[in-house]
Amino acid sequence: MEYNISYIEHIAEEITDKVNVGHFEDEDRNGIICNYKNFGIIAKSQNGDFVGLLMAYTAYAEIYVDDIWVNPTYRRLGVGKTLLEKLENQFNNKGYNNVNFRL
């Protein structure tokens, strides 16, 4: 079989849909549970002001951190570190193998 490989800037939704369906079919056939779930860990000040956010998701037995943002007023005070510690504590001993950073 011959095929071509090329770089593309935009992946059409119909292609990503086909890939997703293919993954789900393979997982079902092999008894694999994806366990995909988006979540966030938020930091707020004592008066309720938004301080920072860690955005992540679970997939299979792994956690993927998509982004961490801290309000400039609160930077260099350990907020990012505290968000990561909360993530670790939240999922510790719950069957996840590792945390991956996609920053």
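The values are calculated or read from the model by the stated rules, or taken from the named source; none is laboratory data. Note that the coordinates shown come from a computational prediction; the quantities given were computed from them, not determined experimentally. Note: ideal-geometry Cβ built from the backbone for every residue, glycine included; neighbour counts use all protein chains shown.
So the values come out like this:
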| quantity | calculated |
| --- | --- |
| Which numbered condition residue 59 fails, given (1) at pLDDT below 95; (2) farther than 30 Å from residue 22 by Cα | (2) |
| From 24, 39, 101, 91, residue being aromatic (Phe, Trp, Tyr) and at pLDDT 95 or above | 39 |
| Strands (runs of 3 or more DSSP E) completely within the range 23-103 that count 1 or more residues being touching a residue at least 24 places away in the same chain (Cβ under 8 Å) and loosely packed, with under 12 Cβ neighbours inside 10 Å | 98-101 |
| Verdict on residue 20 being without any contact (Cβ under 8 Å) to a residue 24 or more places away in the chain, surrounded by fewer than 12 Cβ atoms within 10 Å (Cβ to Cβ) and among the polar types (S, T, N, Q) | yes |
| Residue list for the range 1-22, filter: of a type in the set (A, V, I, L, M, F, W, C) and part of a helix (DSSP H, G or I) | 15, 19, 21 |
